[in-house]
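Enquirer: After the structure tokens below, expect a handful of questions from me.
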Amino acid sequence: MPYTSALSQPHPGQAAPIAPAPASPPVVPVPARRGRSAPIWIMGVLVLLLVGLVAYLLTFLGAAASVIGMLLALVPLVGVLLAVRIVDRWEPEPASLVVFAVAWGAIAAVAITLLVDLLVVRAIGADGSAAREAFSTVVQAPLVEEAAKGLGVLAIFAFARRAFDGPVDGIVYGALVGAGFAFTENILYFATSLLQGGVAETTVTFFVRGILSPFAHVMFTAVTGYALGRAARRGAGVAAATRPWLLGMLGAVVLHAVWNGSAVFADFFALYATLQVPLFLLFILGVVLLRREEARLTRERLGEYAAAGWFTAGEVDMLATGAGRRRALAWAQRLPGDRRRVMKEYITDATALAAARERALSGRDPHAAEDERVFLARAVSARTALFGR
């Protein structure tokens, strides 16, 4: 029988069966946003306050001075945010909450402070005396500013409980609120210095506020965040967390008052070297120790999953130690296609899994079991993409 082509001739052998095409990979679950993000309505309020704050700056400082002050204020802000990012690297907070924390400090806390200051001036006046100036700097400013900033940290604790796991989270949120407040306050100081004393006075102000003390407000409000973080670790609700929140704010007020008082009653630079620098070094040491506690908890919680067969002991070492994570990322980079992104997802989801289990054990989050299921599925999916199992 003639054939139209060689390809149409029959084959004498039997070919191996062709395997069916693989089904679509399962959809990786996405963690719920509820309890991990700021409500839209409060973001809308911040936008309205921002419009009013911008109008205030333009009215009393002018466009040119405000823009120059903002550009100068961005320098310490960027440095502070980079430092906070390092602290937050173990278990990164949701981006929306990071934005909210900075925005609260830069907008709402400043607006509250300006409003209260205006009410105090109307109530008791401002005669320009040394006593009135000392009261405003050492008593009024620390109380009002730390209360305004502390409200932002408490708000995050209240509506984003699933992203507020412990002291490190509290320090991060407090530091971000403080960084935002310092940014707007620096705009006011830098612009005022430029208008009143020109470049020379602006340079001095920038050196003191932008170089010597960019972490002052960060450290004050981080104390409030630390207290709330301890309450979160114990499983406290909003009502039960009010007392530690007030105690944390008291600590922030004391630090703030000592800082301001050093410029009013003492030699600022001498007290800066003998008191403020040691306090800042102790603050750094405390953050390092708290980060180690977070790593220990991550290791313990993932160890429980390893005992159930979900991870190997080697994987727990890799996921729950800084050195293990660095080695894992370096190894993933050498895989075909550079799989560092997948490895980062694996590390992030496994860390979130450990945090969810810790919340479940504390009993403070009724949705923690669902979070465990979601993050376990995500971690297993990422591991499969890495190791093929």
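Here, each number is a calculation from the coordinates, and none is a lab measurement. These figures come from a predicted structure and were not determined experimentally. Cβ: placed from backbone, ideal geometry, glycine included. Neighbour counts: every protein chain shown.
Enquirer: From the residues HIS256, VAL199, TYR226, which one has its Cα farthest along the dipole of the stretch 155-259 in the positive direction, the dipole being from +1 and -1 charges on Cβ of Lys/Arg and Asp/Glu about the Cα centre?
Expert: It is TYR226.
Enquirer: On alpha-carbon atoms, Rg over Rh for the stretch 298-387 using Kirkwood Rh?
Expert: Ratio of gyration radius to Kirkwood radius: 0.99.
Enquirer: Run the dipole for the stretch 320-389 about the Cα centre, Lys and Arg Cβ at +1, Asp and Glu Cβ at -1, nothing else charged, and hand back the magnitude in debye, nearest 20.
Expert: Around 440 debye, computed over the stretch 320-389.
Enquirer: When Lys and Arg each count +1 and Asp and Glu each count -1, what net charge do the other residues less than 9 Å away from THR224, Cβ to Cβ, add up to?
Expert: 0
Enquirer: With charges set only on the Cβ (+1 for Lys and Arg, -1 for Asp and Glu), what does the dipole of the chain come to about its Cα centre, in debye to the nearest 20?
Expert: 1200
Enquirer: Most exposed first by the Cβ proxy, i.e. fewest other Cβ within 10 Å, how do THR203, THR351 rank?
Expert: In order of increasing Cβ crowding within 10 Å: THR203, THR351.
Enquirer: Among PHE269, PHE164, PHE387, PHE157, what is the fewest-to-most ranking by other Cβ atoms within 10 Å?
Expert: Sorted ascending by nearby Cβ count, the order is PHE387, PHE269, PHE157, PHE164.
Enquirer: Can you order the peptides 104-110, 341-347 by their average number of other Cβ atoms within 10 Å per residue, highest first?
Expert: Averaged packing, sorted descending, gives the order 104-110, 341-347.
Enquirer: Find how many whole Å separate the alpha carbon centroid of the stretch 317-389 from the alpha carbon centroid of the stretch 90-161.
Expert: Here the two parts' Cα centres lie 37 Å apart.
Enquirer: Which of rounded, prolate or oblate describes the stretch 29-180 when judged by the alpha-carbon gyration tensor and an a/c cut-off of 1.5?
Expert: prolate
Enquirer: Using the count of nearby Cβ atoms within 10 Å as a rough guide to exposure, how do ILE211, ILE284, ILE68 rank from fewest to most?
Expert: Listed from fewest to most nearby Cβ atoms, that is ILE211, ILE284, ILE68.
Enquirer: Could I ask something else about it? To the nearest 20 debye, what is the magnitude of the charge dipole of the stretch 103-217 about its Cα centre, counting +1 on the Cβ of each Lys and Arg and -1 on the Cβ of each Asp and Glu?
Expert: 220
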